[in-house]
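Can you read through this structure? Questions will come right after.
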Number of protein chains: 2
Amino acid sequence: MRIIKDTTPLEDGYRMPGEFEPHQGCIMIFPERPDSWQYGAYAARKAFVKVAEAISFSEPVTVCASAAQYDNARAALPAHIRVVEMSSNDSWARDYAPTFVKNKEGQIRGIDWGFNAWGGLYDGLYFPWDKDNQMARKLCDLFEKDVYDKRDFILEGGSIHVDGEGTCIVTAPCLLSKGRNPQMSREEIEETLRQYLGVSVVIWLPCGIYNDETNEHVDNICAFVRPGEVVLAWTQDKEDVQYEMSNACLAALEQARDARGRSLKVHKLLLPAPVTVTKEECEGLDSCDGEPTRMPGERLAASYVNFYIANKNIVMPGFGDPMDKLAKETLQELFPHRQVIQIYARDILIGGGNIHCITQQIPANI
Amino acid sequence: MRIIKDTTPLEDGYRMPGEFEPHQGCIMIFPERPDSWQYGAYAARKAFVKVAEAISFSEPVTVCASAAQYDNARAALPAHIRVVEMSSNDSWARDYAPTFVKNKEGQIRGIDWGFNAWGGLYDGLYFPWDKDNQMARKLCDLFEKDVYDKRDFILEGGSIHVDGEGTCIVTAPCLLSKGRNPQMSREEIEETLRQYLGVSVVIWLPCGIYNDETNEHVDNICAFVRPGEVVLAWTQDKEDVQYEMSNACLAALEQARDARGRSLKVHKLLLPAPVTVTKEECEGLDSCDGEPTRMPGERLAASYVNFYIANKNIVMPGFGDPMDKLAKETLQELFPHRQVIQIYARDILIGGGNIHCITQQIPANI
């Protein structure tokens, strides 16, 4: 694995493909952390295994497990899913596995962004985050991809979505957070995205999903279906604080032009009813730095937009909500060539994210 | 990775290839353990890196490093050598990386033998050995090879050598040790080797190298050069306790017939002068279970036979001894199509083994 410091992907002819472009595989991390995953992570592991199995219908899946959890992960996952030992602080492959970029010859390289647990000492979610921050490089080494060293720029994979044709969507509260790159102007951040993702246009959404502790990652509110088309998390309940937020995002999307000069077609994806944490769930979580991780009644950032686009499948969350069925039908219409698999994901959601957050695709080298 | 429990490699048409047959790669482990590697393993790491570099001229090398040592290993090794995180108790890839077997279609599977640190609670060298014992399976998973579960049979890779044509050489003090499989008869052990290595003849040597703490592994005293030809560690010094030992092995080899009915051609490889540990070296070793790891003046099992056959190279030890040159010339004559690279290996030897002990080949799938 060569570590590249002196050039950028854009300079070298690399771009980040859209998630809907072909993959050679998917990376996940086996959950373990007892202040993230209630009651010793047993329920979360079952949900992660279902996600891995669903994705493995489409593409090879590699699951990273700690030394302590390797045997458990190996026993829990089917034989055709690879388990590798790799230490981490938690299980968010989207946010700290490499962002992969590709050139016209189909060669793949990784980007090793800096990671600081969604805000570092300013408003990060745990400390330390050293093992998470090592993962991108370890994974590039494992998959034998050269890697761009961009640890001086804090970015999570869940805070960007691209169309593969020069357009990136981000949310302002995340990328402009004081916990990320406060020394950089918005223009400097855009330029970094251009250089590393190989994009020319960055669309800024004013917000994400209410109470999303990632500072409102884009991957929970809006995702590309294909170039020129996005889904947007939506609610018709004017009393819901999310109503104004989703409307503000719609306005931004309607004003935007993508890198090819197109207006975006916006598909609304209705949210489930608000999901809140129960007292029993809270009692199954270790404290973090002596503080409770969650409080009973706390609203979770449940959204159907947090799905993964596998080669042949869409793997999306369900919440046991009447809206689950409609959301599945909506995505099935939007992805007619992929079978939508819906997985009950409350046990992932309690950890703070969802299916897109726990996966990271490796583009195919074709 | 499928775990195979119900059939044996012989039943499934698999055999262990000779080390001189083509490889698809080599596995090593970055040294760390402070009661094995003097003065914090810094000198040992330099020697391991030289070995990895030498082998990498021939074939892809993957080096396993603990989470704590990953960054150090990555920095110490050149970019074209892969580093993967994997925990272990020490650094003897030969002994607990998988033994790989191959069928006529070129498919490769691993064998996961039981490992108990060269003798378990009877006369093993450290406790615990749990992480070492997990490595074979983890490595099969990493390399996407199905694995035979043979953990109920204790065997180290360094205690066997095969010609790939049905013959295996072992030493009696190791394979019949009370610290290995004392519940099994010699015939049962032979039958296990037949079933798992795909051999029909097992040649038993009466001993190995004097004071070899592995219970005299065969890979330190005798190795196949090609089918029908072996090298044997040798001394002309009748005062040396090794003299009788090497002569006894020669007698056993001269009596033997291999699986094809051939007599073996035995090439003598003269040993260096006895190598002993210095007081300064002992002072650089942590104690093990409260006991000194080595005593000043202790004789080490130095032998030139402990070399690795890479695709294009022979990687062999040197000891700063006048015999180094002759040993190199001898091996160069025996392997005319491979360039012999000699690496100063005292810092590996102090750990208790040598270049063959710290490497494990993966046969090519051709």
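The values are calculated or read from the model by the stated rules, or taken from the named source; none is laboratory data. If you're wondering where the values come from, they're calculated on a predicted model, not measured in any experiment. Reconstructed Cβ throughout: ideal geometry from the backbone, glycine too, with neighbour counts over all protein chains shown. The protein model used for the area step is the full one, side chains on, heavy atoms only, and it has no ligands, DNA or RNA in it. Shrake-Rupley method; radii C 1.70, N 1.55, O 1.52, S 1.80 Å.
Counting only residues that are more than 9 Å from chain B (Cβ to nearest Cβ) and either open to solvent by 10 Å² or more (accessible area, probe 1.4 Å) or of a type in the set (Val, Ile, Thr) (or both), how many does segment A:67-76 have?
The qualifying residues number 5.
Name every residue in segment A:331-357 that is in a helix (DSSP H, G or I) and out of contact with any His (no Cβ under 7 Å at 6 or more places or on another chain), in order of residue number.
A:Leu331, A:Gln332, A:Glu333, A:Arg346, A:Asp347, A:Ile348, A:Leu349, listed by residue number.
From the list B:Cys26, B:Cys64, pick out the single residue that is touching a residue at least 12 places away in the same chain (Cβ under 8 Å), assigned to a strand (DSSP E or B), more than 14 Å from chain A (Cβ to nearest Cβ) and of a type outside the set (Val, Ile, Thr).
Residue meeting the stated conditions: B:Cys26.
Which one is surrounded by the most Cβ atoms within 10 Å (Cβ to Cβ), of the residues in segment A:103-150 that are charged (D, E, K, R) and over 26 Å from A:Val83 (Cβ atoms)? Lay out the reasoning, then the answer.
Let us first name the residues in segment A:103-150 that are charged (D, E, K, R), namely A:104-105, A:109, A:112, A:123, A:130-132, A:137-138, A:141, A:144-146, A:149-150.
Those still in the list that are over 26 Å from A:Val83 (Cβ atoms) too: A:104-105, A:123, A:149-150.
Values: A:Lys104: 8, A:Glu105: 8, A:Asp123: 14, A:Asp149: 15, A:Lys150: 21.
Applying the filter and picking the extreme gives A:Lys150.
Quick one: which residue in B:Ile169, B:Ile55 is buried (at least 24 other Cβ atoms within 10 Å of the Cβ), more than 14 Å from chain A (Cβ to nearest Cβ) and in a helix (DSSP H, G or I)?
B:Ile55
Here's another thing I want to ask about it. Considering (1) out of contact with any strand residue (DSSP E or B) (no Cβ under 9 Å at 6 or more places or on another chain); (2) within 14 Å of chain B (Cβ to nearest Cβ), say which one A:Ala43 fails and leave the rest.
(2)
Out of segment A:78-92, which residues are touching a strand residue (DSSP E or B) at 6+ places or on another chain (Cβ under 6 Å), at the interface with chain B (Cβ under 10 Å from one of its Cβ atoms) and in contact (Cβ under 8 Å) with a residue 24 or more places away in the chain?
Scanning segment A:78-92 gives A:Ile81, A:Val83, A:Val84, A:Met86, A:Ser88.
Continuing with this model, one more query. Cβ-Cβ under 6 Å, sequence separation 6+ or interchain: first residue in segment B:215-226 and within 15 Å of B:Phe335 (Cα to Cα), partner open to solvent by 10 Å² or more (accessible area, probe 1.4 Å). Which pairs?
B:Ala223/B:His161; B:Phe224/B:His161; B:Val225/B:Leu334; B:Arg226/B:Phe20
Inspect all residues belonging to segment B:131-151 and state whether any of them is away from chain A (no Cβ under 14 Å) and part of a loop (DSSP other than H, G, I, E, B).
Checked segment B:131-151: no residue is away from chain A (no Cβ under 14 Å) and part of a loop (DSSP other than H, G, I, E, B).
Could you list, in sequence order, the residues of segment B:29-51 that are outside any helix (DSSP H, G or I) and open to solvent by less than 20 Å² (accessible area, probe 1.4 Å)?
Residues satisfying the conditions are B:Ile29, B:Phe30, B:Pro31, B:Asp35, B:Ser36, B:Trp37.
Please enumerate the residues belonging to segment B:1-23 that are open to solvent by less than 40 Å² (accessible area, probe 1.4 Å) and within 14 Å of chain A (Cβ to nearest Cβ).
Residues satisfying the conditions are B:Met1, B:Ile4.
Follow-up. Restricting to segment B:178-191, what's the tally of residues that are among the polar types (S, T, N, Q), open to solvent by 10 Å² or more (accessible area, probe 1.4 Å) and within 20 Å of B:Ala117 (Cα to Cα)?
Here the count works out to 1.
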